[in-house]
Amino acid sequence: MSIFTHLIDTVKKNGAAYVVLIDPDKNDENSIQDRVLKANESGVDALFVGGSLMMDTKCVERVKLIKSCSNIPVIFFPGGVGQLNPYYDAMLFMSVISGRNPHYLIGEQVIAAPLVKDMGVETIPTGYILIDGGAGSTVEFMSGTRPIPMDRVDVTVAHALAGQYLGMKLIYLEAGSGAKQPVSSALIEAVKNVIDVPLIVGGGIKTPEVAERAVRAGASIIVTGTIIENDLNLTKELADAVHCRK
Ligand code: 1GP
């Protein structure tokens, strides 16, 4: 079974899927292991691994380590082609469709494609939409794109629909890591009402209540990074909140 099918089955079974994002750059070997073991025992459905910047050369080693101690899928959440390696179970093959920077719309993807083929990593086509979460996200700087203002529902909906019509299997509403405001319920609801593919929501989700609200508004997959980096013990509570429709 493909990882994508597994993810969709999980969404059906649990009402929504909870994904923990591990940034290999912000972790040493011990904290990576703690995080993965905690995810294994807390009902987390998958791990995303990736980050906008890598400050050392240990990314491959860390992904290998994550894969060796994880009993849930390890999915590459690409910050760039340099983080590509064969140890992931699958990857979000993303295009920053909210932006107008050709390099992140198609350039990186062209560089990555032959390498992905050679590695045999499963690809999940994903339309990535950057929303302004009020914190000036790293993605904004690195991709050289402007986020869509949170209150521009019409613009966001149009981008999500365009992504779906281009064949994206997932639409990702991203407020950016450490966002001051997570994606609003109103925006989630509006996008969910027009698209047929599952909606991923991440960025600035700091409590189980906010995670649950996003699910009730229509998110199929919730991603958190920072909150788990700050307090590992919240993992189970967050998983339970995301699974509120079970
Ligand atoms: C994944 O960028 C997010 O979509 C992660 O954001 O670190 O704010 O949870 P946080």
Review point. Among the listed residues 90, 46, 16, which satisfies the condition of being more than 16 Å from the ligand (Cβ to nearest atom), modelled with pLDDT of 95 or more and under 30 Å from residue 146 (Cβ atoms)?
Key: 90
Check your understanding: So which of 47, 37, 53 is closer than 24 Å to residue 206 by Cα, without any contact (Cβ under 8 Å) to a residue 40 or more places away in the chain, within 20 Å of the chain's Cα centre (by Cα) and open to solvent by 10 Å² or more (accessible area, probe 1.4 Å)?
Key -> 37
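Being within 24 Å of residue 138 (Cα to Cα) and either without any contact (Cβ under 8 Å) to a residue 12 or more places away in the chain or open to solvent by 20 Å² or more (accessible area, probe 1.4 Å) (or both) is the filter here; which residues of the stretch 61-76 pass it?
Matches in the stretch 61-76: 61 only.
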Check your understanding: Just one of the numbered conditions (1) more than 13 Å from residue 184 (Cα to Cα); (2) surrounded by fewer than 18 Cβ atoms within 10 Å (Cβ to Cβ) is not true of residue 208; which one?
Key -> (2)
Review point. Within the stretch 175-211, can you find the residues that are within 18 Å of residue 154 (Cα to Cα), in contact with a strand residue (DSSP E or B) (Cβ under 9 Å, 6 or more places away or on another chain) and small (Gly, Ala, Ser)?
Key: 175, 184
Review point. For residue 25, are the conditions met, namely being more than 22 Å from residue 204 (Cα to Cα) and outside any loop (DSSP other than H, G, I, E, B)?
Key: no
Exercise for review: Being out of contact with any strand residue (DSSP E or B) (no Cβ under 9 Å at 6 or more places or on another chain) and part of a helix (DSSP H, G or I) is the filter; apply it to the stretch 28-41 and report the residue that is modelled with the lowest pLDDT.
Suggested key: 29
Point to revise | Output for the stretch 164-185, where each listed residue is over 22 Å from residue 216 (Cα atoms) and outside any loop (DSSP other than H, G, I, E, B) | key: 165
Point to revise | Residue list for the stretch 196-205, restricted to those being out of contact with any Pro (no Cβ under 8 Å at 6 or more places or on another chain) and open to solvent by 10 Å² or more (accessible area, probe 1.4 Å) | key: 196, 197, 198
Point to revise | Cross-chain or 6+ apart pairs with Cβ under 8 Å, the stretch 126-141 first and in contact (Cβ under 8 Å) with a residue 60 or more places away in the chain, then aromatic (Phe, Trp, Tyr) and away from the ligand (no atom under 12 Å from the Cβ) | key: 126/93
Point to revise | Candidate set: the stretch 190-246, residues that are more than 18 Å from residue 77 (Cα to Cα) and acidic (Asp, Glu); chosen: the one farthest from the ligand (Cβ to nearest atom) | key: 196
Check your understanding: Which one is nearest to the ligand (Cβ to nearest atom), of the residues in the stretch 125-156 that are surrounded by fewer than 17 Cβ atoms within 10 Å (Cβ to Cβ) and closer than 27 Å to residue 90 by Cα?
Key -> 138
Revision key, fill the gap. Taking first residues from the stretch 84-103 that are under 17 Å from residue 138 (Cβ atoms) and β-branched (Val, Ile, Thr) and second residues anywhere that are open to solvent by less than 20 Å² (accessible area, probe 1.4 Å) and in a loop (DSSP other than H, G, I, E, B), the pairs with Cβ under 8 Å that are 6 or more apart or on different chains are 96/145
Exercise for review: Test residue 120 against the criterion of being out of contact with any Ser or Thr (no Cβ under 8 Å at 6 or more places or on another chain), modelled with pLDDT under 95 and not hydroxyl-bearing (Ser, Thr, Tyr), and give yes or no.
Suggested key: no
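Within the group 209, 189, which residue is touching a helix residue (DSSP H, G or I) at 6+ places or on another chain (Cβ under 8 Å), closer than 14 Å to residue 160 by Cα and of a type in the set (Asp, Glu)?
189
The values are calculated or read from the model by the stated rules, or taken from the named source; none is laboratory data. Remember, predicted model here, so these are calculated numbers, not experimental data. Note that we place each Cβ from the backbone using ideal geometry, even for glycine, and neighbour counts take in every protein chain shown. Surface areas here come from the heavy atoms of the whole protein model, side chains and all, with no ligands, DNA or RNA. Shrake-Rupley method; radii C 1.70, N 1.55, O 1.52, S 1.80 Å.
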